[in-house]
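The values are calculated or read from the model by the stated rules, or taken from the named source; none is laboratory data. It should be emphasised that the depicted structure is a prediction, and the values quoted were computed from it without experimental measurement. Positions of Cβ are generated from backbone atoms using ideal geometry, with glycine treated the same way; all protein chains shown enter the neighbour counts.
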Amino acid sequence: MVSRPFFVAVGLATAVLAAAAQAPNSPDWTAPFPPFKIAGNLYYVGSKGLANYLITTPEGHILINSDLEANVPLIKASVEKLGFKFTDIKILLISHAHWDHNAASDTVKKLTGAWTIADDSGRGYRRIVPSPKPVSIIESAAIRSLIASGAVVIAAGGGGIPVAAAEDGYAGVDAVVDKDYAAEQLGTSIGADTLILVTGVEQVQLNFGTPQQRPLDLITSAEAERWLADGQFPEGSMGPKVHAAIRFLKNGGRRVVITTPELAAEALEPAADGTLRVGTTIVLSDSLAAANP
């Protein structure tokens with residue numbers, strides 16, 4: 001029977017949010033509202049205009065949404081007024097990506113040490129951690145030696161294990177290194193002339209997902225940079241690959257190929273007439289485009 005008041009409360013909160021959405025930065029967003037128990041271990045701890053929920057468990061609590069920076073003291077006070085410790089929040093669950101629901105996530109994480117969990121583009125909920133660009137590959141010298149010996153080296157898989165300098169060497173950090181930037185860093189560190197970035201589509205596309213969509217066979221880094229600035233390659237999609245390609249070329253690489261794993265080998269070899277057959281090739285300039293099909 002406890003599920004009924006839960007859904008009624010959520011429905012009421014949704015109505016409040018809908019009204020708030022029609023009046024951005026409404027005073028109600030930061031106006032205090034008495035915290036209360038909804039049902040069982042579910043509590044309301046939000047403001048008058050922005051909803052936050054607290055789910056309590058013996059192992060630690062779950063806070064749903066962080067809202068605005070200005071709301072953090074209000075949420076904290078509501079949690080404590082109900083008799084719970086704000087520092088016992090172990091999970092911060094973000095319901096969706098609107099800024100008024102997650103703007104204060106970093107602050108809540110710093111105050112509680114909670115994990116941030118959010119929906120991953122409809123593929124389920126995942127823990128959210130930073131995705132820093134790697135500055136070096138620690139084992140690059142060993143990798144170069146292995147390559148020189150004729151060994152086939154597998155390295156930086158999935159972006160590699162992120163570490164940061166510490167007093168006694170290196171310490172692991174909560175992060176996922178972007179695999180494309182890791183591949184670029186590895187390729188640059190070993191002096192590779194070609195970088196292959198594999199993905200789920202055969203070629204990079206302009207106007208992806210629209211009737212004007214068209215594939216790119218051979219482009220320069222200048223063109224790639226211009227299209228990046230125009231928003232053609234989003235960060236959550238092709239953006240990191242194109243960024244990594246540009247970095248690789250500026251750091252001395254000759255060409256970058258973006259295609260599927262199945263077509264990677266074929267993409268490196270031009271057709272008999274010298275034209276590219278599959279994949280997208282990115283080079284530093286038009287002159288290199290002619291020399292490096």
When you scan the range 34-45, how many residues do you find that are within 34 Å of the chain's Cα centre (by Cα) and in a strand (DSSP E or B)? 4
Close pairs from the range 242-263: first under 20 Å from residue 232 (Cα atoms), partner among the charged types (D, E, K, R) and outside any helix (DSSP H, G or I), Cβ under 7 Å, at least 6 apart: 259/202; 260/202
Any residue in the range 146-153 that is touching a strand residue (DSSP E or B) at 6+ places or on another chain (Cβ under 8 Å), farther than 12 Å from residue 182 by Cα and without any contact (Cβ under 8 Å) to a residue 40 or more places away in the chain? no
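Let's see how each residue does on (1) over 13 Å from residue 45 (Cβ atoms); (2) of a type in the set (A, V, I, L, M); (3) outside the structural domain of residue 234 (by TED's automatic domain parsing); (4) buried (at least 18 other Cβ atoms within 10 Å of the Cβ):
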site	(1), (2), (3), (4)
81	no, no, yes, no
89	no, yes, yes, yes
102	yes, no, yes, yes
107	yes, no, yes, no
120	yes, no, yes, no
Under 6 Å between Cβ atoms, which residue pairs at least 6 apart in sequence (or on different chains) link something in the range 101-123 that is farther than 12 Å from residue 62 by Cα with a partner that is assigned to a strand (DSSP E or B) and small (Gly, Ala, Ser)? none
So, of the residues in the range 117-134 that are outside any strand (DSSP E or B) and touching an Asp or Glu at 6+ places or on another chain (Cβ under 6 Å), which turns out to be nearest to residue 177 (Cα to Cα)? 131
Considering 178, 230, 193, 217, which residue is charged (D, E, K, R), closer than 26 Å to residue 154 by Cβ and out of contact with any helix residue (DSSP H, G or I) (no Cβ under 8 Å at 6 or more places or on another chain)? 193
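Can you tell me which residues in the range 126-149 are of a type in the set (Ser, Thr, Tyr) and either surrounded by 12 or more Cβ atoms within 10 Å (Cβ to Cβ) or not assigned by TED's automatic domain parsing to the domain that holds residue 160 (or both)?
131, 140, 145
Table: residues versus (1) modelled with pLDDT of 95 or more; (2) surrounded by 20 or more Cβ atoms within 10 Å (Cβ to Cβ); (3) part of a loop (DSSP other than H, G, I, E, B).
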site	(1), (2), (3)
47	no, yes, yes
59	no, no, yes
66	no, yes, yes
78	yes, yes, no
84	yes, no, yes
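Yes/no per residue for (1) over 25 Å from the mean Cα position of the chain (by Cα); (2) at pLDDT 90 or above; (3) on the phi < 0 side of the Ramachandran plot:
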residue: 234; (1), (2), (3): no, no, yes
residue: 250; (1), (2), (3): no, yes, yes
residue: 267; (1), (2), (3): yes, no, yes
residue: 289; (1), (2), (3): yes, no, yes
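Among the residues in the range 161-170, are any without any contact (Cβ under 8 Å) to a residue 40 or more places away in the chain and surrounded by 18 or more Cβ atoms within 10 Å (Cβ to Cβ)? It would help to see each step written out before you state the result.
Step one: list which residues in the range 161-170 are without any contact (Cβ under 8 Å) to a residue 40 or more places away in the chain, which gives 161-170.
Pick out the ones that are also surrounded by 18 or more Cβ atoms within 10 Å (Cβ to Cβ) and you get 162.
Within the range 161-170, one or more residues are without any contact (Cβ under 8 Å) to a residue 40 or more places away in the chain and surrounded by 18 or more Cβ atoms within 10 Å (Cβ to Cβ).
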When the residues of the range 172-230 are filtered to those that are assigned to a helix (DSSP H, G or I) and aliphatic (A, V, I, L, M), which remaining residue is surrounded by the fewest Cβ atoms within 10 Å (Cβ to Cβ)? 229
